[in-house]
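Novice: Below you will find the structure I want to go over with you.
The values are calculated or read from the model by the stated rules, or taken from the named source; none is laboratory data. The structure presented is a predicted model; accordingly, all values stated were derived computationally and were not measured. Every residue, glycine among them, receives a Cβ derived from its backbone with ideal geometry; neighbour counts consider all protein chains shown. For the accessible areas, the whole protein counts, side chains as well, though only heavy atoms, and no ligand, DNA or RNA atoms are used. Shrake-Rupley method; radii C 1.70, N 1.55, O 1.52, S 1.80 Å.
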Amino acid sequence: MPGDKSLSHRALLLGALVGETVPVAGLAPSGDVAATAEALRRLGARVDLATDTHGQLEGEVEGPLGEASDVLDCGNSGTSLRLLCGVVAGIEGLHVLSGDASLRRRPVERVAVPLRAMGARVEARGGGRLPPVVVHGGDLRGVVYRSPVASAQVKSCVLLAGLRAQGPTTVISPLPSRDHTERLLAYLGHPVSSRLDEDGHEAVTIEPGALRAAPVAVAGDPSSAAFWLVAAAAGAGSIEVRGVCANPTRMGVVGALRRLGAEVGSTLTGERAGEPVATLTAAPASLTGAALDGRLVVDAIDELPVLAVAGALSRDGLEVADAAELRVKESDRISVLAAALGALGIHVEQRADGYRVAGQQRPRGGIVEAHGDHRIAMTAAIAGVLGTAAVEITGFEAVATSYPTFLADLRGLGGRVEVLDAG
Ligand code: S3P
């Protein structure tokens, strides 16, 4: 698998905050990670990356960071934009962050509100809701912030600002979310404290301070592995995926497939930069049906589109609730998913906070528009693998955001692929 996208961003961002050379390896050669690297260069960091023998990026990153020399263009990457807001809030000067048309439709008040409470001046388009975002960075004070959403991007933004604030900063979230930032901070010598209260809320506290240099190697991306796990469990053949980040907050897809009746194996093989690494396996099974909500949905948030394909091929279908966040991803993933699978003859009932897909529906051929959303493009490809006829996907180039070698891997696994217009 390509290096995990979430981990690759954090390797670069935290690496640039150390103030000494930090070796990095295993980073995804993806558009989103390139956006973070380029933004850090504009903030004055040295980011030297080259392709290794496995096609991943390796190299070095070194701060310090200062006022940005130009607009920080985050491309398609919400993680770059939200986490960088937290970084620049603690850097004296004017910082403008923007991105592509999709990113400029995604909400930023979720990070603007806590950063203002910490003393940063933050303005954004559309009455403070949308990028471009302008951050006047400088002295910050620690706060206790209650986030209305369980978002690792919001949590990480506030923790990164808290690293440079006066006094401790606490972020409280309605449910736990991926804890990559916390783990990497600890790995770089700056542990944060994290606890769950009896209502299931997560509270993470950071003290200001410095990080220590250490080499950061990134494990494979479970969100990319998810496409092959779903294809295998829904009948395409058996698969073994090695070197995948098996952080429990990212294993929602494994939990969801197991609830659907699939046999998914997970064997821990080691650790990289504070993250567990595993070999995952899946094989064809008769899928029953499942309902997903709460914490499992947070842990599978990026895999909910492709899980709909497994749901359609199950006996009783798949129902997803508590997933309103899907509406503000790279696209409105509930309506775009319904349209994409609808074009292949699969009815997806849209809900405000999720979807229901009935079982016993095999995708047929058709034309799917990816709407610039990498995970929708790959979901449609997996529907093609499992369906009765070829699926044509327009806007497939969006996959470069997270998984540029997806088509090569699909071919390697025996998928038949024709590229109609490489322009
Ligand atoms: C991410 C967190 C999630 C996820 C995104 C990556 C991260 O977003 O959907 O792909 O790296 O922190 P939210 O934090 O908005 O839920």
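Novice: Relative to the present Cα-Cα distance, how much length would full extension add between residue 238 and residue 321 at 0.36 nm per residue of separation?
Specialist: Once the chain is fully extended between residue 238 and residue 321, it gains 27.0 nm.
Novice: How far apart, in nm, are two points set 7 Å out from the Cα along the Cα-to-Cβ line at residue 367 and at residue 117?
Specialist: For residue 367 paired with residue 117, the spin-label model returns 4.9 nm.
Novice: Same structure, new question: Assuming 0.36 nm per residue, please report the length gained on full extension of the stretch residue 335 to residue 60 beyond their Cα-Cα distance.
Specialist: 94.9 nm
Novice: Using Cα atoms only, what is the angle between the long axis of helix 78-88 and the major principal axis of the chain, expressed in degrees (0 to 90) to the nearest 10?
Specialist: 10
Novice: I'd like the distance separating the alpha-carbon centroids of region 136-182 and region 1-65, in whole Å.
Specialist: Spelled out, the Cα-based centre of one part sits 22 Å from the other.
Novice: When only DSSP loop residues count, what GluC sites (Glu not before Pro) in region 176-259 have their Cβ near at most 11 other Cβ atoms within 10 Å?
Specialist: Here the sparse-neighbourhood loop sites are 198.
Novice: Nearest 10 degrees, 0 to 90: what angle lies between the long axis of helix 222-231 and the longest principal axis of the chain (Cα atoms)?
Specialist: Helix 222-231 sits roughly 0 degrees off the main axis of the chain.
Novice: Related question: By the gyration tensor of its Cα atoms, with a ≥ b ≥ c the square roots of the eigenvalues, what is the shape of the chain: rounded for a/c under 1.5, prolate for a/b over b/c, or oblate?
Specialist: prolate
Novice: Between beta-carbons, use under 13 Å as the cut-off and find the net charge around residue 360, counting Lys and Arg +1, Asp and Glu -1.
Specialist: Within the 13 Å Cβ shell, the charges total +1.
Novice: Turning to a different aspect of this structure: Roughly how much of residue 362 is accessible, in Å² to the nearest 10, using a 1.4 Å probe?
Specialist: The value for residue 362 is about 130 Å².
Novice: For the modelled label position 7 Å from the Cα of residue 197 along Cα-to-Cβ, which residues of region 122-152 have backbone nitrogen atoms closer than 19 Å?
Specialist: Flagged as within label range: 143-152.
Novice: Given a cut-off of under 8 Å on Cα pairs at least six residues apart, what relative contact order in percent is computed for region 82-158?
Specialist: After rounding, I find 42 percent.
Novice: On to the next question. Work out the FRET efficiency for residue 349 and residue 210 from their Cβ-Cβ distance, taking R0 = 51 Å, and round it to the nearest 0.05.
Specialist: 0.50
Novice: Sort 139, 70, 197 by accessible area with a 1.4 Å probe, largest first.
Specialist: The most accessible residue leads, giving 139, 70, 197.
Novice: Using alpha carbon centroids, what distance separates region 333-364 and region 198-258, in Å?
Specialist: About 25 Å separates the Cα centre of region 333-364 from the one of region 198-258.
Novice: Net charge near residue 311: determine it from the other residues with C-beta under 13 Å of the C-beta of residue 311, scoring Lys and Arg +1 and Asp and Glu -1.
Specialist: Net charge around residue 311: 0.
Novice: Further question on the same structure: Write down the percent of antiparallel bridges among all DSSP beta bridges whose residues are both part of the chain, to the nearest 5.
Specialist: If we restrict to bridges inside the chain, about 75 percent are antiparallel.
Novice: OK, next. Between residue 92 and residue 139, what length in nm is gained on full extension when 0.36 nm per residue of separation is reduced by their alpha carbon distance?
Specialist: Using 0.36 nm per residue and subtracting the Cα-Cα distance, I get 16.2 nm.
Novice: Something else now. Normalising by the residue count of the chain, find the relative contact order in percent from Cα pairs under 8 Å and 6+ residues apart.
Specialist: With pairs under 8 Å counted, the relative contact order is 12 percent.
Novice: While we're on this one: Once you order the gyration tensor axes a ≥ b ≥ c over the Cα atoms, which shape class does region 331-404 get: rounded for a/c under 1.5, otherwise prolate or oblate by comparing a/b with b/c?
Specialist: Oblate.
Novice: Helix 31-42 versus the longest principal axis of the chain: what angle, 0 to 90°, nearest 10, using Cα atoms?
Specialist: Between helix and principal axis, roughly 10 degrees.
Novice: Still on this model: Local charge sum around residue 41 (other residues, Cβ-Cβ under 13 Å, Lys/Arg +1, Asp/Glu -1)?
Specialist: -4
Novice: Tell me what the chain gives for mean residue ellipticity at 222 nm when only DSSP H runs of n ≥ 4 count, each as -39,500 (n - 2.57), the sum divided by the residue total, rounded to 500 deg cm²/dmol.
Specialist: Calculated mean residue ellipticity at 222 nm is -9000 deg cm²/dmol.
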